[in-house]
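Asker: Shown below is the structure under consideration.
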Amino acid sequence: IMVHAKPPVSEDIVYIHASVEGWINGDLSRDEFVRSFDPLEIDGKPRRTIAWTTACSACAVVELVSTGMLPNHGFIKQEDIKLKDFLSTHNGRLFANLPHGGALG
């Protein structure tokens, strides 16, 4: 039903806001990651933002598991994933506005 309710869009925007707050050496600290993302061309094809951000997020976690940076069994919570590790993956690099860094296609 929802597929026919609204026409598809090609110029979508995804906003990501992730924050963490806690104590470091006795001092209260807060760090934030706030970005907006637009559609991309990947491997010569236009990709909607919701599609590439969803796919790259999942694939980045698979990369972290396959390299041993995350456990390969049990439940993995989002807060178990370090942002710097996520952004260092081939797919996570796209969230830092860097080129993919791996094989495409």
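The values are calculated or read from the model by the stated rules, or taken from the named source; none is laboratory data. Since the structure is predicted, the reported quantities are computational estimates derived from the model, not experimental observations. All Cβ positions, glycine included, derive from the backbone under ideal geometry; neighbour counts span all protein chains shown.
Asker: Could you give every pair whose Cβ atoms fall below 9 Å, whose first residue belongs to the range 76-87 and is more than 12 Å from Ala60 (Cα to Cα), and whose second residue is part of a helix (DSSP H, G or I) and modelled with pLDDT of 95 or more, counting only separations of at least 6 or pairs across chains?
Answerer: So the pair list comes out as Ile76/Val61; Ile76/Leu64; Ile76/Val65.
Asker: If you don't mind, there's one more thing I want to ask. Mind telling me which of the residues Val34, Val61 ends up being of a type in the set (A, V, I, L, M, F, W, C), in contact with a Ser or Thr (Cβ under 9 Å, 6 or more places away or on another chain) and more than 23 Å from Asp12 (Cα to Cα)?
Answerer: Val61 is the lone residue from the list that is of a type in the set (A, V, I, L, M, F, W, C), in contact with a Ser or Thr (Cβ under 9 Å, 6 or more places away or on another chain) and more than 23 Å from Asp12 (Cα to Cα).
Asker: Let me ask something else about it. Right, His90: assigned to a loop (DSSP other than H, G, I, E, B) and closer than 29 Å to Pro8 by Cα or not?
Answerer: Against the criterion (assigned to a loop (DSSP other than H, G, I, E, B) and closer than 29 Å to Pro8 by Cα), His90 qualifies.
Asker: Quick check: anything in the range 44-67 in contact (Cβ under 8 Å) with a residue 12 or more places away in the chain, of a type outside the set (Gly, Ala, Ser) and part of a strand (DSSP E or B)?
Answerer: Yes - at least one qualifying residue is present in the range 44-67.
Asker: Another one. Taking the condition part of a strand (DSSP E or B), of a type in the set (S, T, N, Q), under 16 Å from the mean Cα position of the chain (by Cα) and surrounded by fewer than 13 Cβ atoms within 10 Å (Cβ to Cβ), does Ser36 pass?
Answerer: Answer is yes for this residue.
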